[in-house]
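Accompanying notes for the structure given below.
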Amino acid sequence: MRNVRKPPSQPRTELGHEHDLGLAHDMSVMLSRRRALWILGAVGSASVAAACSSGDGSTATSSAADSTTSAATVAAAPQETAGPYPGDGSNGPNVLVESGVVRSDITGSFGPYSGTAEGVPVTIRLTLQDLARDGAAGKGMALYLWHCDRDGEYSLYGKGITEQNYLRGVQVADDSGQVSFTSIFPACYAGRWPHIHFEVYDDLATAVAGENARLTSQIALPQDVCEQVFTADSGYARSRTNLSEVTLAGDNVFGDGWDAELATVTGNPESGMDISLTIGVAEKSAHASGGGAGPGGDPPGPPADGARPGGEPPSGGRPAGGQPPTGIPSAN
C-alpha cells in the first residue's frame, strides 16, 4: 500500500460518517484551594519520578535537556478526532477533573470505581517535542491518554462498563519530554484500525481543568504486531476477524498518511510489549482545523442483542465543569 505523507502544517479531521458530536466547546473550571494543592502535589510527584528513572532505565537527564533542540526533530503530529468516547467532557463524562487521573498505571479504575482491564500487558512510552521551541523536549507538558479494552469497548461509555474508568490517565512529561503508561494492548473493533487516543496540554493545571488541549491525535499500531497479539490471547478473538476486514490505508483517520502516527512496538505477548512514539507538538494554532475535531471513528459493531454499540453515553449532566452530551454516535 502507498503511504501518502500529509503536510504537517495541514491539520485534519476524520473523514468518517458519524453525527457531529459538537466536541468544540467553551468551558471555565474554577479550581478550589484544595484542588490547586493537589495539582502542585501531582507535579511534585511527577518530578520525583522523573528524577529516579528514564524510559531506558538509565539515570534521568538534567533539566538542561528541555532547552536543547533535538538532533532529530520530528514532523508535527496531525490533528485528529477525539472520537465519540473521549471522557474529556466534550461528550458526556469528564475524567480529567477527577482526583486520581494523574497516574502511570491505567489498567485499573480509580476513585469511586473498581475493576481491571484484562489483556496483553504493554508499556506506552511517548516522547514529546515542542516544535514551538525548535523541537526542544516537551518538559512539563501533560498528556491525557485513553483507548478501548480487549473487547473494543471504552470505559465510561461501553456496555456494562459505564461504572469503570480504566485505560484513561494523565502523565506529566519529564526533563526529556517523556511520559510512560502501563496498560493493555487495545482491541481492533469494527471499522477502525487498532489505535490509541491522546491529548497534549501545555501543563498539568490546564489538563485537569479539562479544557484547551494543544493537540488531539491518535497512534496507529503496526499490523504484524496486532496479528501477533490477537493470535496469542484468545480474549482478542473478535479482533482477529475485525483486523482482517480493515486496512491502515483504508482507515478513515490514518488513510491519508500515518508517518507521524505509526508507533514502534517491541517485546512479545507473553512477557509484555513496549509501544513507543516521538510526537511533534506544534503551536495550537498550527494544529487547529477550521471546523474543529470531527466526529470519531466507527464504534464497535452492534452486539447480538441489538443494543446500541458501545452502550449509551451516561445520562444526566456532565460532571463538574462540563456540558451535557450533544449527540450520540450512530452505528455504521
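The values are calculated or read from the model by the stated rules, or taken from the named source; none is laboratory data. Remember, predicted model here, so these are calculated numbers, not experimental data. A quick note on method: Cβ atoms are made from the backbone with ideal geometry, for glycine too, and the neighbour counts reach across all protein chains shown.
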task = Search the stretch 201-224 for residues being buried (at least 24 other Cβ atoms within 10 Å of the Cβ) and of a type in the set (Val, Ile, Thr), and hand back the single one that is nearest to residue 91 (Cα to Cα).
result = 216
query = Restricted to the stretch 144-186, and to residues that are touching a residue at least 60 places away in the same chain (Cβ under 8 Å) and charged (D, E, K, R), which residue is farthest from residue 92 (Cα to Cα)?
reply = 175
request  = Please work out which residue is surrounded by the fewest Cβ atoms within 10 Å (Cβ to Cβ), limiting yourself to the stretch 180-200 and to residues that are β-branched (Val, Ile, Thr) and either more than 12 Å from the chain's Cα centre (by Cα) or more than 23 Å from residue 215 (Cβ to Cβ) (or both).
outcome  = 182
message = Give me the residue from the stretch 108-130 that is among the charged types (D, E, K, R) and in contact with a strand residue (DSSP E or B) (Cβ under 6 Å, 6 or more places away or on another chain) and, out of that set, surrounded by the fewest Cβ atoms within 10 Å (Cβ to Cβ).
response = 125
request  = Can you work out which of the residues in the stretch 142-179 that are hydroxyl-bearing (Ser, Thr, Tyr) and touching a Pro at 6+ places or on another chain (Cβ under 8 Å) is surrounded by the most Cβ atoms within 10 Å (Cβ to Cβ)?
outcome  = 157
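Could you please find all residues in the stretch 165-179 being in a loop (DSSP other than H, G, I, E, B) and either in contact with a Cys (Cβ under 8 Å, 6 or more places away or on another chain) or not acidic (Asp, Glu) (or both)?
Scanning the stretch 165-179 gives 165, 166, 167, 173, 176, 177.
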ask   = How many residues, within the stretch 239-288, are surrounded by 15 or more Cβ atoms within 10 Å (Cβ to Cβ) and among the hydroxyl-bearing types (Ser, Thr, Tyr)?
value = 3
note = Of the residues in the stretch 188-223, those that are of a type in the set (D, E, K, R) and at pLDDT 95 or above come to 192, 199, 202, 203, 214
inquiry  = Suppose we filter 182, 162 for residues that are assigned to a loop (DSSP other than H, G, I, E, B), farther than 21 Å from residue 79 by Cα and out of contact with any helix residue (DSSP H, G or I) (no Cβ under 9 Å at 6 or more places or on another chain); which single one remains?
reply    = 162
ask   = Out of all the residues in the stretch 245-283, which are among the small types (Gly, Ala, Ser) and over 16 Å from the mean Cα position of the chain (by Cα)?
value = 249, 250, 255, 257, 267, 271, 272, 282
remark   = Matching residues in the stretch 187-211 (closer than 27 Å to residue 112 by Cβ and either of a type in the set (A, V, I, L, M, F, W, C) or without any contact (Cβ under 8 Å) to a residue 60 or more places away in the chain (or both)) number 8
request  = Can you tell me which residue within the stretch 129-159, out of those that are assigned to a strand (DSSP E or B) and touching a helix residue (DSSP H, G or I) at 6+ places or on another chain (Cβ under 7 Å), is nearest to residue 116 (Cα to Cα)?
outcome  = 144
ask   = Limited to the stretch 191-233, what total is found for residues that are hydroxyl-bearing (Ser, Thr, Tyr) and farther than 19 Å from residue 137 by Cβ?
value = 2
request  = Take the stretch 82-106 and flag every residue that is of a type in the set (Ser, Thr, Tyr) and surrounded by 20 or more Cβ atoms within 10 Å (Cβ to Cβ).
outcome  = 85, 90
